[in-house]
Amino acid sequence: MGWFPCSGSSSQASKKKRKKKEIMNQIQSTSDNMKNATKDGGSNQIAAKTFTFSELAAATGNFRRDCLIGEGGFGRVYKGRLGSSNQVVAIKQLDRSGLQGNHEFLVEVLMLSLLHHTNLVNLIGYCADGDQRLLVYQYMPLGSLEDHLHDPVPGKKLLDWNTRMKIAAGAAKGLEYLHDKASPPVIYRDLKCSNILLGEDYHPKLSDFGLAKLGPVGDNTHVSTRVMGTYGYCAPEYAMTGQLTLKSDVYSFGVVLLEIISGKKAIENSKTGGEQNLVAWARPLFKDKRKFSQIADPMLQGQYPARGLFQALSIAAMCVQDQPNMRPAIADVVTALNYLASQKYDPEAQPIQDSNRAPPTPPRTKRDAGFERERTKRLL
Ligand SMILES: Nc1ncnc2c1ncn2[C@@H]1O[C@H](COP(=O)(O)OP(=O)(O)OP(=O)(O)O)[C@@H](O)[C@H]1O
Ligand SMILES: [Mg+2]
């Protein structure tokens, strides 16, 4: 059931108005600071529109259950249609719990107002009515990469090799924009399959910038922060020290690439309740080229190029190295993945690989919404 902010006394109303103004001022002043700090900051105006709560309630039929398209650690996501423009949108309603969510809301609005790239999701607007915090995004018709890899709907097309490489290359390009085109660089901090959304023709876009940080400037190599992120994707040195670098994102990208290739989750909760870490599982297999086919997703049914698999796994293996300075820069990953994505695999013309030699791993489990998924959270 949906709800509206309660109408109350005029003093309550003016208090709400003051709070709203405060948020808008906060957004504007932080934006000005960021614009001063970023060379590549985009336009001087915040492109995102402001919406009232009732506009967004109307867009979603009062947050009707059948408009619900997803739920994450910070709130629920609804599909809606804006009355003003008839545009179909995705509306994220943040849980009304505490300051941390509010901070992430501000960062999300600011980052997506200043950063624009074909591989980043587009923020249409936001609502900061009273204690309501909602974000309005372009609707991504094919949902998240996680849905396709780990929660396939029966009858829906499975991701083939060419589509997987296209998604990997596009996601890497989004990250390259954050690291190398934005100035100062932006560390994304929350790269994972559920944050890679898919548009028409599987065009990938990174979403969820609430944890993003402006990267180190000058001689500094890292920014120190408390450890936030998602188990399984978080680089080991960041988890241990809280020192965040661009290479922390490269590690997370390596985990995503491994998921794309293997179809396995970053953390697989086995039936017995133990954890299985994808990187720990794949590492011994990286050492022996002959074992690479064991990593390939059995759902591909051997329909992938042997050389392409070898190259994609080599990239993933480099990205997830323990030593951050041994990991490649994202620009090099983009170059390699662009090449791989351009080498189209044709199962009619090229041999089908033997995929019957996979070692025993926990069975892929179909998750029920919200269970056993790793969420973005404070990790330390
Ligand atoms: N713009 C969008 N268009 C279409 N679907 C979306 C959009 N944004 C989010 N979703 C759907 O809603 C789901 C939940 O997204 P959300 O970002 O709230 O959580 P999450 O990324 O799954 O988890 P976490 O809170 O840990 O980041 C996504 O997995 C996706 O399926
Ligand atoms: Mg998300």
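Just one of the listed residues (130, 98, 125) is touching a Pro at 6+ places or on another chain (Cβ under 6 Å) and either modelled with pLDDT of 90 or more or outside the structural domain of residue 182 (by TED's automatic domain parsing) (or both), namely 130.
Inspect segment 97-108 for any residue being closer than 30 Å to residue 299 by Cβ and within 16 Å of ligand 1 (Cβ to nearest atom) and give the result as yes or no.
The initial filter retains those residues of segment 97-108 that are closer than 30 Å to residue 299 by Cβ, namely none.
The answer is no, given that none of the residues of segment 97-108 is closer than 30 Å to residue 299 by Cβ and within 16 Å of ligand 1 (Cβ to nearest atom).
Scanning segment 66-80 for residues that are at pLDDT below 95 and either more than 9 Å from ligand 1 (Cβ to nearest atom) or not in a strand (DSSP E or B) (or both) returns 73, 74. Note on segment 62-119: residues that are within 26 Å of residue 170 (Cα to Cα), without any contact (Cβ under 8 Å) to a residue 40 or more places away in the chain and hydrophobic (A, V, I, L, M, F, W, C) amount to 1.
For the residues 242, 199, the requirement of being at positive phi and either outside the structural domain of residue 345 (by TED's automatic domain parsing) or surrounded by fewer than 22 Cβ atoms within 10 Å (Cβ to Cβ) (or both) singles out 242. Kindly provide the set of residues from segment 193-224 that are among the hydroxyl-bearing types (Ser, Thr, Tyr), touching a residue at least 24 places away in the same chain (Cβ under 8 Å) and either within 13 Å of ligand 2 (Cβ to nearest atom) or touching a strand residue (DSSP E or B) at 6+ places or on another chain (Cβ under 8 Å) (or both), ordered by number. Selection gives 194, 207.
Of the listed requirements (1) away from ligand 2 (no atom under 16 Å from the Cβ); (2) surrounded by fewer than 21 Cβ atoms within 10 Å (Cβ to Cβ), residue 151 misses just one: (1). Condition test on residue 215, is it within 13 Å of ligand 1 (Cβ to nearest atom), over 11 Å from the mean Cα position of the chain (by Cα) and not assigned by TED's automatic domain parsing to the domain that holds residue 73? So residue 215 does not fit the description; no. Considering only segment 86-97, I want to know if a residue exists there that is surrounded by fewer than 17 Cβ atoms within 10 Å (Cβ to Cβ) and outside any loop (DSSP other than H, G, I, E, B). Yes, segment 86-97 contains a residue that is surrounded by fewer than 17 Cβ atoms within 10 Å (Cβ to Cβ) and outside any loop (DSSP other than H, G, I, E, B). Please tell me if residue 82 is under 23 Å from residue 182 (Cβ atoms) and away from ligand 2 (no atom under 16 Å from the Cβ). When the stated conditions are applied, residue 82 does not pass them.
The values are calculated or read from the model by the stated rules, or taken from the named source; none is laboratory data. This structure is a prediction, so every number in the text was calculated from the model and none was measured. Cβ coordinates were reconstructed from backbone atoms using ideal geometry, including for glycine residues, and neighbour counts include every protein chain displayed.
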